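Notes to accompany the following structure.
The values are calculated or read from the model by the stated rules, or taken from the named source; none is laboratory data. As the structure is a computational prediction, the values presented were derived from the model and not from experiment. When we count neighbours, we look across all protein chains shown, and the Cβ atoms used for this are built from the backbone with ideal geometry, even at glycine.
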């Protein structure tokens, strides 16, 4: 009693001491973070000044040097932060930079906390400082300054600069998103950015080398910060001259006097020597001169390079009495279509040509002109015998007067664009008058030169053709010429241009197109087609110089091919479904077979069950396992040395065998309600003939079961005998069947003391006792045969139990 009280007392004391210790440990929260947690985190902007406080550590305790109870320090040396002495404040000691260029972009340190007046180990608190970005960087242009060289004929809208780029070192976001713009200033209206977020510059207005040879604009790159940061750069554009101007004489007309004596030689021009220049100053193409054919041109020659006019042969007084008018043409050597005209008025000394009748130097002027000649260009000079006079010129044809005009000095000027497709030749008459009584006329013929200024055009913007089922299926199986599936129509606005049609696309080789636009299928290659709709591109190219082309999409749908593919897909799906169904049937059959085999194995004598590896066999047989096993073992082993068997009465026979790793027990319960074959035979004498037939049938069935059961038991016993030895009597473990058999045996001894059963006891060497019991007056001795013993027993239901 006292011992129990002392034990209870000491238990209560121990529990109290543990509780007090735990309470004291919990109360000492120094060096722990307020609110729990295991690490500290702070945010700091990258423009935070050195020495500024980043934040306060949430560590329990007082770090005051005099009255505090904890000490705080940093584990890292030369850390970018520091702890203010005697406080929990974390201060910045170096400059921060989110981009990592001028300083660290993040900070990670460890704070060591030590409890004063305590032997507890120190605490380590990780501290993470995240640096946030600010707009501290301006965009920087790459590869500046920019310099471009443009031709004056560059079309407005052309992309003149691609890839202009400025980079912002700030982190991705609005601080690093760059917008581009052209700053206001001189010539800023000539260029513009295609997109504010893209550095592509386009030409906004047309250029003219003769007016502007170069210009400079200022470009700006600006981010989206608040306030934004920007940087500027310069773009210098150099304009190159293009051959877009005709040559020009320094004077509109020239004059000279013929030698008084008519001697051949060089003529002296007034007011200055004859000269023409190329108006394209950047090109300055060389010029050559020649005299336009006329009635008086046979007397003169002009030098092709310097323009000096020479009288070829002496002339008499009767020749050129009224003087002569020459038309000189200055042509660019590199481009014959660029030329200029002027007149040279020749007079003979002592003549009064001014009093002569007004007349053109020639009655007919013929010239070829390109249809793309710009409006306002001087295209032809119409000289008269009175140069320098301001005459009045009139074009009699009202239609041609809309296209042309004549200046006061006889220059023919283009007033309206020409179009070769509408009018290939312009013929009209020009009338010149001095405003008094003199007037004259000349015929002018202008032949328009065609220029490829029209692209081919298709009638439709998209062509769709359907191939009927009969044609598509026939094309896949029969051999025949191409099948017409449709026609595309294209035309060119340029007269005399011929069109060439072609097809492009992945399956263009399956089709052909002729000059009229008819599209045919190629049946020999249609077998490789695995699509129901074919997409092509029809291209029309003209024969102009340079050639122009245009394209249009073409879709060809194979109706028959679609059906064939659908049928093929359906058949494949059907076959796949059949295969899957057959596979499922096989799986079901295998499953049924496996389940049935398991059931048969469980119900067979050799089947295994859970627990102690018990094998049950229930079948109708007339063989007694007790006699079978007993006589088998006695016959096979002589005196039974090393083996033991125990057979109980009451219709139950149990056999125990010893194995190095397992136990084997076989039991054969025999229904007491059934009789031996002899008893069945005696009772069958009282049955009728019908009962005899039924009994014989049952007897045959029992005979078959008896043979099957005997074979099973013989196999199991032989294997057990070969692998081990029988259990000794003190090692026998009786199962429920053997115990039930013993109870039935006791009941039989109590109820029928005068039964006909006989007990036979056999002593075997090694201290093993074998008890063999036979029912209904039949017994088996030690030397009896196995089959003989099995023939003397009968049972309607037998259980075979084997323990491994």
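Here's the yes/no breakdown for (1) surrounded by 12 or more Cβ atoms within 10 Å (Cβ to Cβ); (2) in contact (Cβ under 8 Å) with a residue 40 or more places away in the chain; (3) more than 30 Å from residue 218 (Cα to Cα):
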| site | (1), (2), (3) |
| --- | --- |
| 77 | no, no, yes |
| 81 | yes, yes, yes |
| 98 | yes, yes, yes |
| 104 | yes, no, yes |
| 110 | yes, no, yes |
| 144 | yes, yes, no |
| 147 | yes, yes, no |
Discussion item. Going by what's in this entry, would residue 40 be described as at pLDDT below 90 and touching a strand residue (DSSP E or B) at 6+ places or on another chain (Cβ under 6 Å)?
Written reply: no
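Quick check on this structure: which one of 224, 192 is modelled with pLDDT under 90, surrounded by 14 or more Cβ atoms within 10 Å (Cβ to Cβ) and under 36 Å from the mean Cα position of the chain (by Cα)? Talk me through it step by step, then tell me what you get.
Working: 192 fails: modelled with pLDDT under 90.
The match here is 224.
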Worksheet item: Within the range 546-559, is there a residue that is modelled with pLDDT under 85 and over 30 Å from residue 449 (Cβ atoms)?
Response: yes
Practice prompt. Name every residue in the range 372-385 that is outside any strand (DSSP E or B) and buried (at least 19 other Cβ atoms within 10 Å of the Cβ), in order of residue number.
Written response: 382, 383, 385
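Looking at the range 122-230, what strands (runs of 3 or more DSSP E) fall wholly within it and have at least 2 residues that are assigned by TED's automatic domain parsing to the domain that holds residue 54? Quick ask: steps written out before the conclusion?
On the way: elements: 123-132, 146-151, 159-161, 178-182, 191-195, 198-203, 214-223.
Of the strands (runs of 3 or more DSSP E) lying wholly inside the range 122-230, those with at least 2 residues that are assigned by TED's automatic domain parsing to the domain that holds residue 54 span 123-132.
Every residue in the range 501-516 that is surrounded by 13 or more Cβ atoms within 10 Å (Cβ to Cβ) and at pLDDT below 90, please.
Of the range 501-516, the ones surrounded by 13 or more Cβ atoms within 10 Å (Cβ to Cβ) are 501-503, 505, 507-508, 510-513.
The answer is 505, 507, 508, 510, 511, 512.
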Worksheet item: Where in the range 255-337 are the strands (runs of 3 or more DSSP E), entirely inside, with at least 1 residues that are in contact (Cβ under 8 Å) with a residue 60 or more places away in the chain and within 30 Å of residue 370 (Cβ to Cβ)?
Response: 276-278, 324-332
